[in-house]
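Every read-out reported here was derived from the displayed coordinates using simple, explicitly stated rules and does not represent laboratory data. Remember, predicted model here, so these are calculated numbers, not experimental data. All Cβ positions, even for glycine, are placed from backbone atoms using ideal geometry, and neighbour counts span all protein chains on display.
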Amino acid sequence: MVAVLRTVMDDCWGSVYRRSADYGVPTDLRGIRRAIAYVASTDRTWPFSFENVCEALGLDPTVLRQELQKELRT
């Protein structure tokens, strides 16, 4: 489940490696849109939904969603 969240963050902001190597932000707009939609969704029907993953990892999905949205704006 940690890998799911890591993939979503990489899809939105690029991997740590890409950022440290000055590759900039990812250019796959479709992937970025899908990652943002995943984070925004409050659907709990899928076991690996954002809400369920956060709950399983002991994270508050609302707080994490807000923090990720802040990062997207910067």
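Taking the criterion of being closer than 14 Å to LEU5 by Cα, surrounded by fewer than 16 Cβ atoms within 10 Å (Cβ to Cβ) and touching a Ser or Thr at 6+ places or on another chain (Cβ under 8 Å), the only residue of the stretch 38-64 that qualifies is SER41. I'm trying to understand the selection: among the residues of the stretch 42-70, which are among the charged types (D, E, K, R) and in contact with a helix residue (DSSP H, G or I) (Cβ under 6 Å, 6 or more places away or on another chain)? Residues satisfying the conditions are ARG44, GLU51, ARG65.
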